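Enquirer: I am attaching a structure below and will ask some questions about it afterwards.
The values are calculated or read from the model by the stated rules, or taken from the named source; none is laboratory data. Model, not experiment: these values are computed from the prediction. All Cβ positions, glycine included, derive from the backbone under ideal geometry; neighbour counts span all protein chains shown.
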Amino acid sequence: MNIPPYPYHLCSAEQCRRMDERTINEFGIDGFTLMELAGTKAADFILSEIDSRSHGLFICGKGNNAGDALVVARILSEKDHPVTICFVGEPDSLSVDTSKNQELLKKLTGNITFVEWGSDFDFSEYDFVVDGIFGTGLNSEVRAPYNDVINGVNQSDKIVFSLDLPSGLHADTGRKMGNAVLADFTITFGALKTGFYLNDGFEHSGQIVLCELPFPNHFKEKSAFLIHEDWFSKSDTNPKHREHKYDGGVLYIIAGSEGLTGAAILAAESAWSTGVGAVILITPKGLLNIYEKNLTQIIKKSVGTDKDTYFATSHFEQVQAILNEKPGSLLIGPGLGRDPET
């Protein structure tokens, strides 16, 4: 994956839906064209990863994710790859654009085969699998027959390319909805999905490949970002000559509680290593001595009394006053514990 010199923009499923909708309604690029662009870019990547004449199994659901898969299947077929298409569910209830791509495939002759899913389905004759079952719209548990299909894919020991995101993975939370495809590659369209980097997303997404689509920049709702390590290596994190520390950016950290001070220490040390001008750790006063011994380069601000070892509601105004001292960014959460007061 090419790493641009800026943080990646992450999208929720709803934000992706709105980008699609606005591009279609306000920018004049119809859904069928977007599907063709997505499928073409996915096909280009898959062709770069497979051997000539490799036989692909395309497993399709009913929505637009299946349409993307059908575009890929058509392009690979035209490149002399044997293609087998398996619809799961009723193929007569396809989305409009997916149905159009199904009709296009029927006009082609040669190396395209349609098969039905069954409990004794044999994966052995295929070299790779393209997962086009579910897209970003999945919000319920995976049920039969889809659960059986996903189990079959995961047990097949074939190279698996998932389109947009692994089927069964929730696009926002990254949790598998009962079951999810274990992809070797996830070819995602338009923007990275938040779920890739949360919960089960790490295990199920494999190598993530971003295929850009012609979404105008002002349609992208920038609410979350992925900052890649390469971005830091390309960033100027060295302080300018005579630059005051507060001119280099301020990061406030609200973290730690009794028994969990290590989380706050690791967060503060990691933040300092990025080159930020000042890291300010806000801590209950009862933990201050621990941080004074372990964090010599970090500014510490304490709240409460010497007996306080976790954050409580009585500390709110003190914390707020510290945050109001200087503009900056806030990290909250590591090692806060589970006390109801916190």
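Enquirer: Quickly run through region 175-194 and pick out the residues that are crowded, with 23+ Cβ neighbours inside 10 Å and over 17 Å from Cys211 (Cβ atoms).
Expert: Lys176, Ala180, Val181, listed by residue number.
Enquirer: Ok, one more. Based on this model, can you work out whether His9 counts as in contact with a Phe, Trp or Tyr (Cβ under 8 Å, 6 or more places away or on another chain), buried (at least 17 other Cβ atoms within 10 Å of the Cβ) and outside any helix (DSSP H, G or I)?
Expert: Values: in contact with a Phe, Trp or Tyr (Cβ under 8 Å, 6 or more places away or on another chain): yes; buried (at least 17 other Cβ atoms within 10 Å of the Cβ): yes; outside any helix (DSSP H, G or I): yes.
Criteria met by His9.
Enquirer: Any residue that is modelled with pLDDT of 95 or more and of a type in the set (S, T, N, Q) - is there at least one of those in region 169-179?
Expert: yes
Enquirer: Could you list, in sequence order, the residues of region 47-66 that are in a loop (DSSP other than H, G, I, E, B) and of a type in the set (Gly, Ala, Ser)? Explain how you work it out, then say what you get.
Expert: Taking region 47-66 and keeping what is in a loop (DSSP other than H, G, I, E, B), we get 50-55, 61-63.
Once the filter is applied, which keeps residues that are in a loop (DSSP other than H, G, I, E, B) and of a type in the set (Gly, Ala, Ser), region 47-66 yields Ser52, Ser54, Gly61, Gly63.
To keep it simple, each residue is scored yes or no on (1) part of a helix (DSSP H, G or I); (2) small (Gly, Ala, Ser); (3) assigned by TED's automatic domain parsing to the domain that holds Val160; (4) modelled with pLDDT of 95 or more.
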{"residue": "Glu14", "(1), (2), (3), (4)": "yes, no, yes, no"}
{"residue": "Arg17", "(1), (2), (3), (4)": "yes, no, yes, no"}
{"residue": "Glu21", "(1), (2), (3), (4)": "yes, no, yes, no"}
{"residue": "Gly28", "(1), (2), (3), (4)": "no, yes, yes, no"}
{"residue": "Leu34", "(1), (2), (3), (4)": "yes, no, yes, no"}
{"residue": "Lys41", "(1), (2), (3), (4)": "yes, no, yes, yes"}
{"residue": "Phe45", "(1), (2), (3), (4)": "yes, no, yes, yes"}
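Enquirer: So which of Gly152, Gly137, Gly63, Gly118 ends up being in the same structural domain as Cys211 (by TED's automatic domain parsing) and touching a Ser or Thr at 6+ places or on another chain (Cβ under 8 Å)? Break it down into steps so the answer makes sense when it comes.
Expert: Values: Gly152 fails: touching a Ser or Thr at 6+ places or on another chain (Cβ under 8 Å); Gly137 fails: touching a Ser or Thr at 6+ places or on another chain (Cβ under 8 Å); Gly118 fails: touching a Ser or Thr at 6+ places or on another chain (Cβ under 8 Å).
On inspection, the qualifying residue turns out to be Gly63.
Enquirer: Checking Asp157 against (1) surrounded by 22 or more Cβ atoms within 10 Å (Cβ to Cβ); (2) at pLDDT 90 or above; (3) within 29 Å of the chain's Cα centre (by Cα); (4) not aliphatic (A, V, I, L, M), which single condition isn't satisfied?
Expert: Only one criterion is unmet by Asp157, namely (1).
Enquirer: Only residues in region 189-207 that are within 21 Å of Ala43 (Cβ to Cβ) and in contact (Cβ under 8 Å) with a residue 60 or more places away in the chain count as the first member; pair them with residues that are among the small types (Gly, Ala, Ser) and surrounded by fewer than 21 Cβ atoms within 10 Å (Cβ to Cβ), Cβ under 7 angstrom, at least 6 apart or cross-chain, and list the lot.
Expert: Close Cβ pairs (under 7 Å, with a partner that is among the small types (Gly, Ala, Ser) and surrounded by fewer than 21 Cβ atoms within 10 Å (Cβ to Cβ)) do not exist here.
Enquirer: Within region 57-100, restricting attention to residues that are under 18 Å from Asn147 (Cα atoms) and of a type in the set (D, E, K, R), which residue is surrounded by the most Cβ atoms within 10 Å (Cβ to Cβ)?
Expert: Lys62
Enquirer: In region 11-33, what residues are under 21 Å from Leu226 (Cα atoms) and in contact with a Lys or Arg (Cβ under 7 Å, 6 or more places away or on another chain)?
Expert: Taking region 11-33 and keeping what is under 21 Å from Leu226 (Cα atoms), we get 11-19.
If the condition is that a residue be under 21 Å from Leu226 (Cα atoms) and in contact with a Lys or Arg (Cβ under 7 Å, 6 or more places away or on another chain), then Cys11, Met19 are the ones that fit.
Enquirer: Quickly run through region 116-131 and pick out the residues that are within 28 Å of the chain's Cα centre (by Cα), part of a strand (DSSP E or B) and not aromatic (Phe, Trp, Tyr).
Expert: Val129, Val130, Asp131
Enquirer: Further question: Within region 145-200, which residues are hydroxyl-bearing (Ser, Thr, Tyr), within 15 Å of Phe134 (Cβ to Cβ) and in a helix (DSSP H, G or I)?
Expert: Of the residues in region 145-200, the ones hydroxyl-bearing (Ser, Thr, Tyr) are 146, 156, 162, 167, 173, 186, 188, 194, 197.
Applying the additional criterion that residues be within 15 Å of Phe134 (Cβ to Cβ) yields 146, 162, 167, 173, 186, 188.
The answer is Tyr146, and nothing else.
Enquirer: For region 155-171: of the residues being of a type outside the set (Gly, Ala, Ser) and touching an Asp or Glu at 6+ places or on another chain (Cβ under 8 Å), which is farthest from Phe45 (Cα to Cα)? Break it down into steps so the answer makes sense when it comes.
Expert: Residues of region 155-171 of a type outside the set (Gly, Ala, Ser): 155, 157-161, 163-166, 169-170.
Filter once more, so that each one left must be touching an Asp or Glu at 6+ places or on another chain (Cβ under 8 Å): 158-161, 163-164, 166, 169.
On the way: Lys158: 17, Ile159: 13, Val160: 13, Phe161: 10, Leu163: 11, Asp164: 13, Pro166: 16, Leu169: 22 Å.
The residue in question is Leu169.
Enquirer: If you don't mind, another one. Read through the list (1) touching a residue at least 60 places away in the same chain (Cβ under 8 Å); (2) in contact with a strand residue (DSSP E or B) (Cβ under 6 Å, 6 or more places away or on another chain); (3) of a type outside the set (Lys, Arg), then give the number of the only condition that Asp127 fails.
Expert: With respect to (1) touching a residue at least 60 places away in the same chain (Cβ under 8 Å); (2) in contact with a strand residue (DSSP E or B) (Cβ under 6 Å, 6 or more places away or on another chain); (3) of a type outside the set (Lys, Arg), Asp127 is out only on (2).
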